[in-house]
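**Student:** This is the structure I have questions about; it appears just below.
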Amino acid sequence: MTFGEQPAYLRVAGDLRKKIVDGSLPPHTRLPSQARIREEYGVSDTVALEARKVLMAEGLVEGRSGSGTYVREQPVPRRIARSGYRPASGATPFRQEQADGEGRGTWESSSAQAEASAAIAERLDIRPGDRLMCTKYVFREAGEPIMLSTSWEPLAVTGRTPVMLPEEGPLGGMGVVERMAAIDVVVDNVTEEVGARPGLAEELLALGGVPGHVVLVVHRTYYASGRPVETADVVIPADRYQVAYHLPVK
C-alpha cells in the first residue's frame, strides 16, 4: 500500500457509504451480501466483512437476525436550544435543560444520596467522598426520550434544607437558581463545556440509540460567588439532535 492510500476495507466502506448517502441504497434496502461485495469489489471475505463492520459502527446499517444487514433510516437532526433564558415564573427541569421559552415536555427523576467521586469532587471543589444529592433525569418530548441528565449537589449546601431533594418540597421541580435562592444562595454564573464520546450501553438503551453511537455531553456547573453549588452531565444523542446556543450580549 503506497503512502496515503486507504486500506481496501475503508475504500469499500467509503463507496457503500456514498451509495447510502446519495440514495442508491435507500433506507430498509438490504446491503449487498458478503459474497456480492467480494465479487463486485474484487476483495477477500475479510475485507468485505471489515467494510460491513465499519458501516455498522457508523450507524448506517443494522443487522437483522436471520435476515441480513439493512440500511438504516437516518433521522433528521433536531435542535435543542440552550441559552441564558429564564422564565419569570421559574424554570422546571425540562425548561432549565432545554433553555427554550417554547420548550415543552415531561421528565422522570430519582434522587439518592451518594459520595463524591474524584472527578465530581474536583468540579464541585469539595473532597472525594463528601456527601452529595445525586438526581438522575430522563427528559421526553412527545413520549420520545431526548436527553439524560445526572446532577450532583453538595449536601454541605442543601443538606437539612427544604430544597435538599430537587423534586420534592415547596420548590420541587423548579430550577437550580430558584431553589438555591430559597436558601439564600445567589447563583450568579453558569458554565457549560460540550464534548462527544461513544454512548454508554445504559445511556443508549434509555435513549433508544444503537450501540456504538456517539452522544453529546454537556458538563454544566452553577456557581454562587465563585463556589460551585451544582454540577450536571447532560447526555444527548448526537445522531438525532444538535445543540444550539443563544447567548445574550451584555
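**Student:** Taking the Cα centre of the chain as origin, work out the dipole magnitude from +1 charges on Lys and Arg Cβ and -1 charges on Asp and Glu Cβ, in debye rounded to 20.
**Tutor:** For this selection, approximately 480 debye.
**Student:** If each DSSP helix of 4+ residues adds -39,500 (n - 2.57) and the sum is divided by the residues in the chain, what number results at 222 nm, nearest 500 deg cm²/dmol?
**Tutor:** Taken over the chain, the calculation gives -7000 deg cm²/dmol.
**Student:** To continue, here is another question. Build a GNM of the chain with springs between Cα atoms under 10 Å: which of Arg179, Arg227, Arg36 gets the top mean-square fluctuation?
**Tutor:** In the Gaussian network model the winner is Arg36.
**Student:** If one takes the longest principal axis of the Cα atoms in the chain, at what angle in degrees, from 0 to 90 and to the nearest 10, does the Cα axis of helix 8-21 lie?
**Tutor:** With both axes taken from Cα atoms, the answer is about 70 degrees.
**Student:** Above 11 Å lies some portion of the pair distances; for segment 34-80, what is it as a whole percent of all C-alpha pairs? Provide the component values of the computation, followed by the final result.
**Tutor:** Values: 761 of 1081 pairs.
Tail of P(r) above 11 Å: 70 percent of Cα pairs.
**Student:** Follow-up question, since we're still on this one. Charges on Cβ only, +1 for Lys and Arg, -1 for Asp and Glu, centred on the Cα centroid of segment 1-53; of Leu49, Ala8, His28, which one is farthest towards the dipole's positive end?
**Tutor:** Farthest along the dipole direction, towards plus: His28.
**Student:** Additional query: Could you name the aspartates and glutamates in cross-link range of Lys19, using Cα to Cα under 18 Å and dropping any fewer than eight places away on the same chain?
**Tutor:** Excluding near neighbours in sequence, the set is Glu39, Glu40, Glu50, Glu58, Glu62, Glu73.
**Student:** Let me ask something else about it. Tell me the per residue accessible area of the chain using a 1.4 Å probe; a whole number in Å² is fine. Don't skip to the answer; put the middle values down first.
**Tutor:** Values: 13610 Å² over 250 residues.
For the chain, the per-residue accessible area is 54 Å².
**Student:** A follow-up question, please. So what J values fall out for segment 203-208 if you push phi through Karplus, 6.51 cos²θ - 1.76 cosθ + 1.60 with θ = phi - 60°, rounded to Hz, Gly and Pro as x?
**Tutor:** Along segment 203-208, the couplings run 5, 5, 5, 5, 8, x Hz.
**Student:** Right, something else. Nearest 20 debye, what's the magnitude of the dipole of segment 134-250 about its Cα centre given +1 on Lys and Arg Cβ and -1 on Asp and Glu Cβ? Each step should come with its number before you reach the end.
**Tutor:** Numbers: 9 positive and 15 negative charges, 27 e Å.
Computed about the Cα centre, the dipole is about 140 debye.
**Student:** Further question: Viscosity 1.306 mPa s, temperature 10 °C: Stokes-Einstein D of the chain from its Kirkwood Cα radius, in µm² per second?
**Tutor:** Value of D from the Cα-based Kirkwood radius: 76 µm²/s.
**Student:** Simple spin-label model, 7 Å along Cα-to-Cβ: Ala112 to Ala201 in nm?
**Tutor:** Calculated label separation equals 1.9 nm.
The values are calculated or read from the model by the stated rules, or taken from the named source; none is laboratory data. All values derive from a computational prediction rather than experimental measurement. Here Cβ is always computed from backbone atoms with ideal geometry, including for glycine, and neighbour counts include all displayed protein chains. We work out accessible area using only protein heavy atoms, side chains counted, and drop any ligands, DNA or RNA first. Shrake-Rupley method; radii C 1.70, N 1.55, O 1.52, S 1.80 Å.
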